[in-house]
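S.K.: Submitted below is the structure of interest, expressed as structure tokens.
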Amino acid sequence: MDILTHALSVIFLGGNLDIFLVCFGVVGTILPDMDILMHRFSGRDPRLYIFSHGGITHSIAGSILIAIVAFSTICLMQLSGILSLPAEPTFRILGAGMIVGGALLHITLDYLACPGIPLFFPLSDKKYTLGIFPGPSLFLTVVSVVFLVLLILGFAGAADIYIWGIVFLGIIAFSFIKKGLIACRFRGKEKIPTFHPLHWIIVSENDLEYTISRYSVTGGVYWESTYKKRDGVGEKEIEALAGDPEMKRLRYSSYLVVFERKEGKIRAYDPLRVSGLIFYPADYREYVTELPVP
């Protein structure tokens, strides 16, 4: 989700808490998206793929760690006189709880969206998602931007955050119900939402191939394509690629990966993103290598 919606969610849930505590929560919910600043490093070195956007700071352990570091920094700034905040131990405990809670709220909301986040890193870099939103939710973003504009122009007040909250929860509930209906319709298949609220991508597979379909709630399946999982590439060659940092980054960034031999090289790619059906994440859609390795 967008950073504005994350911040407003804390303000909405914070209710009548002390303004300083709400600010701690807002800081906490913004922190995980600071990983955008690490892209310049992860983009240069494939071994650092977990430091890309939606990576380590969006894990449970990573979000808590970055929140603790931020809270410690705020405390040091307070002790040095840079910030003036209440000094009571109770306030500090509540402040720490709010900043950690804000970070966890962030990854909870991001868990709703594709392609998912590595919740249990460093134990595993596998991504998890409830899959009710196609990455950023355009509807939530529009609602949040409109609310902010109304605030700036004076047509809405702070109390109207509850109206935003009702719309916010309504969109989530509607998307959850919609995903449930699609899940019942396509049992055993992967269901990926698109930015069109009535269109979905459906992925089914067998031992040899993936079948990708485009589905409309009102018109049914209207497009279908099949991709071989291994087109001229053997299992041993794929196993030899498993430890390659470029391959790990590709798998981490992809919904699914297929392999093909072409002109003496092996090409691994995500057919969903290469074909343009899905554009996020935009980077690392394919990898071509000189393998096989002896």
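The numbers here are math on the coordinates, done by the rules we state, and not lab data. Only a predicted model underlies this, so the values are computations on that prediction, with no experimental measurement involved. Here the Cβ is made from the backbone with ideal geometry for all residues, glycine too, and neighbour counts use every protein chain on show.
S.K.: Given a Förster distance of 35 angstrom, what is the FRET efficiency for CYS75 paired with ALA159, based on the Cβ-Cβ distance and rounded to 0.05?
M.R.: Calculated value: 0.65.
S.K.: Given R₀ = 25 Å, what would the calculated FRET efficiency be for GLU239 paired with PHE279, taking r from the Cβ atoms and rounding to 0.05?
M.R.: E between GLU239 and PHE279, to the nearest 0.05, is 0.25.
S.K.: Okay, next question. Among the listed pairs LYS236/LYS262; LYS126/LYS248; LYS228/LYS262; LYS127/LYS248; LYS127/LYS229, give every one whose C-alpha distance is greater than 19 Å.
M.R.: Working: LYS236/LYS262 17 Å; LYS126/LYS248 11 Å; LYS228/LYS262 14 Å; LYS127/LYS248 13 Å; LYS127/LYS229 21 Å.
In this structure, LYS127/LYS229 lie more than 19 Å apart at Cα.
S.K.: Moving on. Quick one: pull the percentage of alpha-carbon pairs in the chain with a separation above 37 Å.
M.R.: When every Cα pair of the chain is considered, 25 percent fall beyond 37 Å.
S.K.: Test of the criteria: in the stretch 31-126, which chymotrypsin sites (Phe, Trp or Tyr not before Pro) are in a DSSP loop and have at most 16 other Cβ atoms within 10 angstrom of their Cβ?
M.R.: Filter output for the stretch 31-126: PHE120.
S.K.: Moving to a separate point now. Roughly how many Å is it from the Cα centre of the stretch 31-61 to that of the stretch 154-198, as a whole number?
M.R.: About 27 Å separates the Cα centre of the stretch 31-61 from the one of the stretch 154-198.
S.K.: Could you give me the ³J(HN,Hα) list for the stretch 11-17, computed from phi with Karplus coefficients 6.51, -1.76, 1.60 and θ = phi - 60°, whole Hz, x at Gly and Pro?
M.R.: Computed from phi, the couplings for the stretch 11-17 are 4, 5, 6, x, x, 9, 5 Hz.
S.K.: Which whole-Hz couplings ³J(HN,Hα) result when phi for each residue of the stretch 233-240 is put into the Karplus expression 6.51 cos²θ - 1.76 cosθ + 1.60, θ = phi - 60°, listed in order with x for Gly and Pro?
M.R.: For the stretch 233-240, the Karplus-derived couplings read 10, x, 4, 5, 5, 5, 4, 5 Hz, x marking Gly and Pro.
S.K.: Once you charge only the Cβ atoms, +1 for Lys and Arg and -1 for Asp and Glu, what is the size of the charge dipole of the stretch 1-79 about its Cα centre, to the nearest 20 debye?
M.R.: Magnitude of the dipole: close to 240 debye.
S.K.: With charges set only on the Cβ (+1 for Lys and Arg, -1 for Asp and Glu), what does the dipole of the stretch 188-294 come to about its Cα centre, in debye to the nearest 20?
M.R.: Dipole of the stretch 188-294, to the nearest 20 debye: 240 debye.
S.K.: Also, quick follow-up: Starting from the Cα of LYS178, draw a straight line to each of the lysines and keep only those under 20 Å, dropping any in the same chain fewer than 8 residues away.
M.R.: LYS189, LYS191
S.K.: Still on this structure, I have one more. State to the nearest 20 debye the size of the charge dipole of the chain about its Cα centre, where the only charges are +1 on K and R beta carbons and -1 on D and E beta carbons.
M.R.: About 480 debye.
S.K.: For the chain, calculate the relative contact order in percent as a whole number, restricting contacts to Cα pairs under 8 Å that are 6 or more residues apart. Provide the component values of the computation, followed by the final result.
M.R.: Working: 450 pairs, mean separation 39.3, N = 294.
Relative contact order, the chain: 13 percent.
S.K.: Using a simple spin-label model with points 7 Å from Cα along the Cα→Cβ vector, what separation in nm is obtained for SER124 and PHE195?
M.R.: Reported label-point gap for SER124 and PHE195 is 3.2 nm.
S.K.: I'd like the Karplus ³J(HN,Hα) series for the stretch 21-26: coefficients 6.51, -1.76, 1.60, θ = phi - 60°, whole numbers in Hz, and an x wherever there's a Gly or Pro.
M.R.: In residue order, the calculated couplings are 5, 4, 5, 4, x, 5 Hz.
S.K.: While we're looking at this one, here's another question. Using just the C-alpha positions of the stretch 101-232 as equal point scatterers, what log10 of I(q)/I(0) does the Debye formula give at each q in 0.10, 0.16, 0.17 1/Å?
M.R.: Log10 of I(q)/I(0), two decimals: -0.45, -0.95, -1.02.
S.K.: Further question on the same structure: Around MET34, with a cut-off of 15 angstrom between Cβ atoms, what is the net charge of the other residues, counting Lys and Arg +1 and Asp and Glu -1?
M.R.: Here the charged neighbours net out to -3.
S.K.: If only Cα atoms are counted, what is the Rg of the stretch 188-294, and what is its Dmax, in Å?
M.R.: 14.9, 52
S.K.: In what order do ILE266, ILE177, ILE163 fall by count of nearby beta-carbon atoms within 10 Å, going from fewest to most?
M.R.: Lowest to highest Cβ neighbour count: ILE177, ILE163, ILE266.
S.K.: For the stretch 44-124, run through the trypsin sites (Lys or Arg not before Pro) and keep only the ones in DSSP coil with at most 14 other Cβ atoms within 10 Å of their Cβ.
M.R.: Taking the stretch 44-124 and a limit of 14 other Cβ atoms within 10 Å, the loop trypsin sites (Lys or Arg not before Pro) found are ARG44.
S.K.: Find which of SER144, ILE171, PHE71 sits farthest along the positive direction of the dipole of the chain, computed with +1 on the beta-carbon of Lys and Arg, -1 on that of Asp and Glu, about the Cα centre.
M.R.: ILE171
S.K.: Once you have the Cα-Cα distance between ALA183 and VAL149, take 0.36 nm times their residue separation minus that, and quote the gain in nm to one decimal. Could you put the intermediate results ahead of the total?
M.R.: Numbers: separation 34, 0.36 × 34 = 12.24 nm, distance 3.67 nm.
Net length gain for the segment: 8.6 nm.
S.K.: Follow-up. In 5 Å bins starting at zero, report the fraction of Cα pairs in the stretch 3-173 per bin as a rounded %.
M.R.: Taking every Cα pair in the stretch 3-173, the percentages come to 1, 9, 15, 18, 18, 16, 13, 7, 2, 0.
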